[in-house]
Amino acid sequence: MQQVLVKFEDVDQVRDFVNAVSMTEANFELGSGSRIVDAKSILGVFALDLAQPQRLVCDSDDSAILEEIEPFLVREDRLRA
């Protein structure tokens, strides 16, 4: 299981993210607090507060998945800025 933070700057990034995670067989949950959605659902992702970083949980340990979504990952130094 992997857990990372992701953030989107625009609608195109959300679309690209959903397309990337949809290409894998792994299960993904995205959200924060009590609001968790299937990250493969574009409508579910748009239902979240995308102004804030969201926690992505993946049930796979395959590091190639993180390479696919690297443009959306939040780095620790970005959180402090």
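Here, each number is a calculation from the coordinates, and none is a lab measurement. Only a predicted model underlies this, so the values are computations on that prediction, with no experimental measurement involved. Cβ sites come from the backbone with ideal geometry, for glycine too, and all protein chains shown count toward neighbours.
Based on the Kirkwood radius over alpha-carbon pairs, what value in µm²/s does the Stokes-Einstein equation return for the translational diffusion coefficient of the chain at 20 °C and 1.002 mPa s? Numbers along the way, then the final one.
Numbers: Rh = 12.6 Å.
In µm²/s, the coefficient rounds to 170.
Place a +1 charge on the Cβ of each Lys and Arg in the stretch 14-81 and a -1 charge on the Cβ of each Asp and Glu, then give the dipole magnitude about the Cα centre in debye, rounded to the nearest 20.
On the way: 7 positive and 13 negative charges, 87 e Å.
Approximately 420 debye in magnitude.
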Describe numerically, in nm with one decimal, the distance between label points set 7 Å from Cα along Cα→Cβ at A64 and at Q3.
-> 2.6 nm
